[in-house]
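Written out below as structure tokens is the structure these notes cover.
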Amino acid sequence: MQRAGRAGRTKPGKCFRLYTEKAYKTEMNDQTYPEILRSNLGTVVLQLKKLGVDDLVHFDFMDPPAPETLMRALEMLNYLAAIDDNGELTELGSLMAEFPLDPQLAKMVIASTELNCSNEVLSITAMLSVPQCFVRPTEAKKAADEAKARFAHIDGDHLTLLNVYHAFKQNHEDVQWCYDNFVNYRALKNADNVRMQLARIMDKYNLKRLSTDFKSKDYYINIRKALVAGFFMQVAHLERSGHYITVKDNQLVQLHPSTVLDHKPEWALYNEFVLTTKNFIRTVTDVKAEWLVQMAPQYYDMSTFPECDAKRKLTHVIQTLTALRGVRGI
């Protein structure tokens with residue numbers, strides 16, 4: 001569209017369209033789908049709340065979202081503790097709104113300070129905020145897959161992204177190193193810039209940048225718990241049938257072929273739901289059921305859960321944790 005606008009206006013030129021006239025007339029929309037209807041509405045709602053807009057239903061949106069979409073965004077923010085039951089912005093929500101991130105990522109970053117892993121979570125968040133960093137050229141698929149496998153972490157894709165970022169920094173952000181290891185230099189450089197921006201925001205609001213001792217068994221556990229703090233609503237359970245079902249809404253999904261996981265975790269936290277010929281969950285990490293019920297008890301309330309294998313497993317976990325607390329109380 002930009003080329004078509006400039007050809008003949010700024011100087012003589014031609015515009016070649018990679019589709020037929022018939023497809024243009026019969027298959028394409030007259031206008032691009034509005035950004036507000038494509039983006040995470042939770043981010044929009046959080047910013048409006050921060051600006052003091054309380055009556056979202058009657059707010060004069062240029063392209064009003066569907067009421068049910070608006071309600072889902074409010075429900076999500078309530079589960080994240082960004083707004084209270086009256087729809088008022090909480091102190092946590094006000095802090096989340098200061099980050100140029102989706103609410104789940106902002107919550108994850110803030111929660112990481114309590115879990116002594118904010119340095120690592122900053123890096124993961126930055127990597128999630130840029131395009132895919134792995135390069136897989138047609139003529140070198142095998143070499144690219146082998147390079148990716150060298151970065152792979154047993155617990156999943158988020159920690160693999162952390163490994164890539166650490167290796168990039170340890171190799172002094174070298175362009176040739178990126179080329180040799182089939183990773184996109186520009187994506188990693190952008191991630192580094194995003195990380196610095198987020199670090200400045202953390203410093204501004206006195207959020208400590210911490211790391212658990214790398215030799216500690218809790219190093220990776222704490223990072224995975226921080227992921228749960230933000231993305232507890234994006235979890236799939238491996239059913240006895242061998243299929244994954246997303247919690248609560250019971251969508252049948254599969255692990256995306258790009259995952260580094262070489263096993264099927266019982267509980268898979270995912271960053272993205274991808275709908276192609278099948279339902280895929282992409283950027284996946286192995287998490288534990290006890291973390292889900294401990295870090296998000298308001299969401300994992302069994303009275304609101306549909307009947308499924310996941311509910312039975314979670315109920316057992318809750319009963320076990322309750323019994324352990326009782327023993328410790330004695």
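Any read-out appearing in this document is the output of simple, stated calculations on the displayed coordinates, not a laboratory observation. Please read these numbers as outputs of a predicted model, since none were measured by experiment. Positions of Cβ are generated from backbone atoms using ideal geometry, with glycine treated the same way; all protein chains shown enter the neighbour counts.
Shape verdict for the range 110-204, please, from the Cα gyration tensor: rounded (a/c under 1.5), prolate (a/b greater than b/c) or oblate. Prolate. With θ taken as phi - 60° and the Karplus curve 6.51 cos²θ - 1.76 cosθ + 1.60 applied, the whole-hertz 3J(HN,Hα) list for the range 144-159 is 5, 5, 5, 5, 4, 4, 5, 8, 4, 10, 4, 8, x, 6, 4, 6 Hz, x standing for glycine and proline.
Listed from fewest to most Cβ neighbours within 10 Å, the set 284, 57, 135 follows the order 57, 135, 284. Across the range 253-264, rounded Karplus estimates of 3J(HN,Hα) from the backbone phi angles (6.51 cos²θ - 1.76 cosθ + 1.60, θ = phi - 60°) give 9, 10, 5, 5, x, 6, 5, 8, 4, 9, 9, 9 Hz, Gly and Pro being marked x. I want the antiparallel fraction of DSSP beta bridges within the chain, as a percent rounded to 5. About 85 percent, rounded to the nearest 5. Using R₀ = 25 Å, calculate the FRET efficiency as 1/(1 + (r/R₀)^6) where r is the Cβ-Cβ separation of residue 140 and residue 254; round to 0.05. With R0 = 25 Å, the Cβ-Cβ based efficiency is 0.40. Only helices enter the 222 nm calculation for the chain: every DSSP H run of n ≥ 4 contributes -39,500 (n - 2.57), and dividing by all residues gives -14000 deg cm²/dmol, rounded to 500. Protection proxy ranking of 253-262, 96-105, by the mean of other Cβ atoms within 10 Å over each peptide's residues and highest first, is 96-105, 253-262.
Electrostatic bookkeeping for residue 315 treats Lys and Arg as +1 and Asp and Glu as -1; over the other residues with beta carbon under 13 Å from its beta carbon, the sum is -1.
Of all the options 281, 221, 110, the one that moves most in a Gaussian network model of the chain with Cα springs shorter than 10 angstrom is 221. Taking amide H atoms as placed 1.01 Å from N in the peptide plane, the amide H of residue 274 lies under 5 Å from those of 280, 281, 282, each 5 or more residues away in sequence or on another chain. Going from the residue with the fewest nearby Cβ atoms within 10 Å to the one with the most, 94, 118, 303 rank 303, 94, 118. Suppose every Lys and Arg Cβ carries +1 and every Asp and Glu Cβ carries -1, with no other charges. What dipole size does the chain come out with about its Cα centre, to the nearest 20 debye? Dipole about the Cα centre, nearest 20: 1120 debye.
Ranked by the mean number of other Cβ atoms within 10 Å of their residues, highest first, the peptides 74-82, 167-175, 225-233, 13-21 come out as 225-233, 74-82, 167-175, 13-21. Based on Cα contacts under 8 Å between residues 6+ apart, the chain shows a relative contact order of 14 percent.
Over the Cα atoms of the range 232-329, the radius of gyration divided by the Kirkwood radius equals 1.00; this is the Rg/Rh ratio. The HN-Hα couplings worked out from phi for the range 268-273 by the Karplus form 6.51 cos²θ - 1.76 cosθ + 1.60 (θ = phi - 60°) are 10, 7, 10, 8, 8, 9 Hz, whole numbers, x standing for Gly and Pro. Could you check which residue among 65, 306, 12 shows the biggest mean-square fluctuation in a GNM of the chain with a 10 Å Cα cutoff? Among 65, 306, 12, the largest GNM mean-square fluctuation belongs to 12.
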